[in-house]
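Colleague: A single structure is presented below for examination.
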Amino acid sequence: MQVQVVGTKKCKDTQKALRFFKERKIQVQFLDLNEKKLSKGELNNICRNSSPEELIDENSKQFKKRNLAFMVYDAYEEILDDPLIMKTPVVRNKNKAVIGYQPEEWKQFL
């Protein structure tokens, strides 16, 4: 079994997610948003379980830096352009994605 964790190395909740799966000896593919953007396919898979608007972290530095609070925008396109505005971590297992720190939901993957 393998899960994909999408986030950044500096994000505390992403670190907790990586540790959660490591402690359970589950293989993890880590996608660091500082190094690589999400592909359209990856974002589409994540959006099967939630809308792009739910993925936006309105408290993130990047969201504030881009002044998105004062703009009308397409959440899907903004995430493709700058994935650092997403809530992290996003944990994917096959077609299911869990957004944020939710260990109870992750246990269902086991």
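Colleague: Being among the acidic types (Asp, Glu), open to solvent by 30 Å² or more (accessible area, probe 1.4 Å) and part of a helix (DSSP H, G or I) is the requirement here; does Glu35 meet it?
Modeller: Details: among the acidic types (Asp, Glu): yes; open to solvent by 30 Å² or more (accessible area, probe 1.4 Å): yes; part of a helix (DSSP H, G or I): no.
Against the criterion (among the acidic types (Asp, Glu), open to solvent by 30 Å² or more (accessible area, probe 1.4 Å) and part of a helix (DSSP H, G or I)), Glu35 does not qualify.
Colleague: Considering only segment 1-30, how many residues are under 18 Å from Gln102 (Cβ atoms) and open to solvent by less than 100 Å² (accessible area, probe 1.4 Å)?
Modeller: Qualifying residue count, segment 1-30: 19.
Colleague: Now for a separate question. Taking into account only those residues within segment 54-85 that are charged (D, E, K, R) and in a helix (DSSP H, G or I), which is nearest to the chain's Cα centre (by Cα)? Give the derivation first.
Modeller: At the first step, the residues of segment 54-85 found to be charged (D, E, K, R) are 54, 57-58, 61, 64-66, 74, 77-78, 81-82.
With the extra rule that they be in a helix (DSSP H, G or I), the set shrinks to 54, 61, 64-65, 77-78, 81.
Working: Glu54: 11, Lys61: 15, Lys64: 18, Lys65: 19, Glu77: 15, Glu78: 14, Asp81: 14 Å.
Once the filter is applied, the top-ranked residue is Glu54.
Colleague: To continue, here is another question. Return the residues of segment 74-95 that are open to solvent by 70 Å² or more (accessible area, probe 1.4 Å) and over 19 Å from Lys16 (Cα atoms); say none if nothing qualifies.
Modeller: Selection gives Asp74, Glu77, Asp81, Lys94, Asn95.
Rundown of residues vs (1) in contact (Cβ under 8 Å) with a residue 40 or more places away in the chain; (2) open to solvent by less than 90 Å² (accessible area, probe 1.4 Å), yes/no style:
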{"residue": "Ser39", "(1), (2)": "no, yes"}
{"residue": "Asn49", "(1), (2)": "yes, yes"}
{"residue": "Gln62", "(1), (2)": "no, yes"}
{"residue": "Asn67", "(1), (2)": "no, yes"}
{"residue": "Met71", "(1), (2)": "no, no"}
{"residue": "Phe109", "(1), (2)": "yes, yes"}
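Table: residues versus (1) modelled with pLDDT under 95; (2) among the aromatic types (Phe, Trp, Tyr); (3) on the phi < 0 side of the Ramachandran plot.
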residue: Val5; (1), (2), (3): no, no, yes
residue: Leu18; (1), (2), (3): no, no, yes
residue: Phe21; (1), (2), (3): no, yes, yes
residue: Leu38; (1), (2), (3): yes, no, yes
residue: Gly41; (1), (2), (3): yes, no, yes
residue: Asn45; (1), (2), (3): yes, no, yes
residue: Asn49; (1), (2), (3): yes, no, yes
residue: Arg66; (1), (2), (3): yes, no, yes
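Colleague: Restricting the search to segment 96-105, which residues are open to solvent by less than 40 Å² (accessible area, probe 1.4 Å) and either in a helix (DSSP H, G or I) or among the small types (Gly, Ala, Ser) (or both)?
Modeller: Ala97, Gly100, Pro103, listed by residue number.
The values are calculated or read from the model by the stated rules, or taken from the named source; none is laboratory data. Note that the structure is predicted; figures quoted are calculated from it, not measured. Cβ: placed from backbone, ideal geometry, glycine included. Neighbour counts: every protein chain shown. Accessible surface is based on the protein model in full, side chains and every heavy atom, while ligands, DNA and RNA are left aside. Shrake-Rupley method; radii C 1.70, N 1.55, O 1.52, S 1.80 Å.
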